[in-house]
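Every number here is computed from the coordinates shown, using simple stated rules; none is lab data. Owing to the predicted nature of the structure, the values given are computational and were not obtained by experimental measurement. Quick reminder, even Gly has a Cβ in these numbers, built from the backbone with ideal geometry, and neighbours come from all protein chains shown.
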Amino acid sequence: MAELRFTSMLLPVLVLLLVAAAAAAFGQNGSTDGGGGRPAMVPAMFIFGDSLIDNGNNNNLPTFARANYFPYGIDFADGPTGRFSNGYTIVDEIAKLLGLPLIPPSAAPATGPLRGLNYASAASGILDITGRNFIGRIPFNQQIRNFENTLDQITGNLGAATVAPVVARCIFFVGMGSNDYLNNYLMPNYPTRSQYNSRQFADLLTQQYTQQLSRLYNLGARKFIIPGIGTMECIPNVLARSSDGRCSEEVSQLVRDFNANVRIMIGNLNANLPGSRFTYVNIARMNGDILANPRAYGFTVADRGCCGIGRNRGQITCLPYQMPCLNRDQYVFWDAFHPTERVNIIMARRAFNGDMSVAYPFNIQQLANLDI
C-alpha cells in the first residue's frame, strides 16, 4: 500500500508551528493558542487508530471502509469528511478541551497552521492482516511509519535539538484493537479463531502493541493516551451479538481479556520507558455506564443504530444518502459499529477530567499538565 506522506510544500507550515511551540517551551516569545480563545495546553496532538477516530485518511484509498458521504457528517460543520459519525469523534472533543483546533488527517493536512496530524485509518488494526476484507486500509505499523516520515522532514529542517523537546510535550492518542476482533478474530473467513483462544489472542495483540508503542517512544513521544476497547458485545453489528440478538458473553470475554492486558502493558511501559507517561482510558466502563442506564444520559435508543440496514438497523454502516433517524441526540449508536457524536463528547469529557475509574493513572488534563 502506498505510504501517506506529509507533502514537502506543506512542510513550512508545520515548521512554523514547531518553531512557535519550541519558543514557548523554552520561555521565549510565542503563543501556543490553538484557537477557541484560550491557550493550548500542549503544542500538538498526534492521533493513531481506526474508524472510531479516522477523519478522512481512507477517502482516497481503494477501500470499502469509507465515510465521506451523506449521512455521515450530517451534524458536522463541514459535512461528510470521512468521520464515521454524525458529527464529532472522541478526539475532536479532546482536541477542543486541550485548546487545540480540530486535528487534520495526515492524507490532507490543512493549509493553515497545524497543531498535529491524525493518521488513523478505518479497518486498521494492531496486526497488519486485520481488515483485509475491506481491501485498502493503513495498519498501525504503517501509521507509525507515516509519522516517522513527518518527523524526519521536520527534524531535517529544524534539527533534533529543537524538535525533540516539543514532541515530548505533545499528546499521542493511540486507539487500536477493536478491528483486530471485529475484522479479524470474529470474521468467519479468518483462521485466527481456530488458532488462538481469547487469552492467547489478547497476549498476541498486546505483545505487538507494546513493540509498536515503544517505537513511538523511540521517535520522541512521551505523553500517551491509550483507550481500551469498548463494549463490542453490545454494538448493533450482528457479528458482535449472540444468535438471539442479545449482548454476547463470548465477545464480552474478548473485551475483558484485551483490556486487562492493556492495563498491565501500560503499567510496564510507564515503569520501563524513562520519562514516559502512559494513561489508560476505560472506554468499556464509560460505554457500560451509558448502556446500563441510557435515560440518565438523555438517550432513549440504545440497541440499534440511527442508520444502517438489517436487523435493528445495524448490520452494516450507513448507505449513501440514506436518511438517518431524526432524533440523533437520543441514540447511543450512529451505525452498526460507531457511537453518535453525543456519546463521543460525553466520553471525551469524562476522560479529560474524570477520576481514576475512567482514566488511570492520570486523566487527560493531568497528563497534559505533567512536566517532561
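Can you list the residues, at least 5 places off or on another chain, whose amide H is less than 5 Å from the amide H of Phe362, using H built in the peptide plane?
Distant-sequence amide H within range of Phe362: Tyr280.
Hey, what do the phi angles of the stretch 59-69 turn into as Karplus ³J(HN,Hα) couplings, whole Hz, using 6.51/-1.76/1.60 and θ = phi - 60°, x for Gly and Pro?
Taking θ as phi minus 60°, the curve returns 4, 10, 8, x, 8, 8, 8, 8, 9, 8, 8 Hz for the stretch 59-69.
Can you give the translational diffusion coefficient of the stretch 216-360 in µm²/s, computed by Stokes-Einstein from the Kirkwood radius over Cα pairs at 37 °C and 0.692 mPa s?
Rounded to a whole number, D works out at 200 µm²/s.
Label Ser194 and Asn268 with points 7 Å out from Cα along Cα→Cβ: what is the distance between them in nm?
Between Ser194 and Asn268, the label points sit 3.0 nm apart.
Would you mind ranking Tyr280, Tyr360 by Cβ crowding within 10 Å, fewest neighbours first?
Numbers: Tyr280 24, Tyr360 17.
Ordered from fewest to most neighbouring Cβ atoms within 10 Å, Tyr280, Tyr360 come out as Tyr360, Tyr280.
For the stretch 260-314 and the stretch 152-166, write down the distance between their C-alpha centroids in whole Å.
35 Å
Quickly estimate the mean residue ellipticity at 222 nm for the chain, helices only: each DSSP H run with n ≥ 4 gives -39500 (n - 2.57), and the total goes over all residues, rounded to 500. Can you show the working numbers first?
On the way: 10 runs with 130 residues, N = 372.
Result for the chain: -11000 deg cm²/dmol, rounded to the nearest 500.
In whole Å, what are the extents of the stretch 8-369 along the principal axes defined by its C-alpha atoms, from largest to smallest?
On the principal axes, the stretch 8-369 reaches 62, 42, 41 Å in Cα extent.
Check Ile126: other-chain or 5+ apart residues with amide H under 5 Å from its amide H, H built from backbone geometry?
Gly177, Asp180
Of Glu341, Glu249, how do they rank once you tally other Cβ atoms within 10 Å and put the fewest first? Working shown, then result.
Numbers: Glu341 23, Glu249 9.
Ranked by crowding around the Cβ, least crowded first: Glu249, Glu341.
How much length is gained on full extension from Asn293 to Ala260, taking 0.36 nm per residue of separation minus their Cα-Cα distance? Walk me through the numbers before you get to the answer.
Values: separation 33, 0.36 × 33 = 11.88 nm, distance 2.40 nm.
Result for the pair: 9.5 nm of gain on full extension.
List the cysteines in the chain whose Cβ has no other cysteine Cβ under 4.7 Å from it.
Lone cysteines by the Cβ rule: Cys170.
With 10 angstrom as the radius, rank Ser242, Ser178, Ser252 by how many other C-beta atoms surround their C-beta, starting from the fewest. Intermediate values should be presented prior to the final figure.
Working: Ser242 13, Ser178 27, Ser252 17.
Ranking Ser242, Ser178, Ser252 by Cβ neighbours within 10 Å, fewest first, gives Ser242, Ser252, Ser178.
Residue farthest toward the positive end of the dipole of the chain, with Cβ of Lys/Arg at +1 and Asp/Glu at -1: which of Asn237, Ala122, Asn259?
Asn259
Label Ile372 and Ala110 with points 7 Å out from Cα along Cα→Cβ: what is the distance between them in nm?
Label at Ile372, label at Ala110, 2.1 nm between them.
Any chance you could run the full-extension gain for Tyr69 through Asp244? It's 0.36 nm times the residue separation minus the Cα-Cα distance, nm to one decimal. Mind dumping the intermediate values first?
Details: separation 175, 0.36 × 175 = 63.00 nm, distance 3.22 nm.
That works out to 59.8 nm of additional length.
Amide H of Ser121: which non-local residues (sequence gap of 5 or more, or other chain) have their own amide H closer than 5 Å, using H built in the peptide plane?
HN-HN under 5 Å from Ser121: Gly49, Asp50.
In debye, nearest 20: dipole of the stretch 8-369 around its Cα centre with unit charges on the Cβ of K, R (+) and D, E (-)? It would help to have the intermediate numbers written out before the result.
On the way: 28 positive and 23 negative charges, 45 e Å.
I would put it at about 220 debye.
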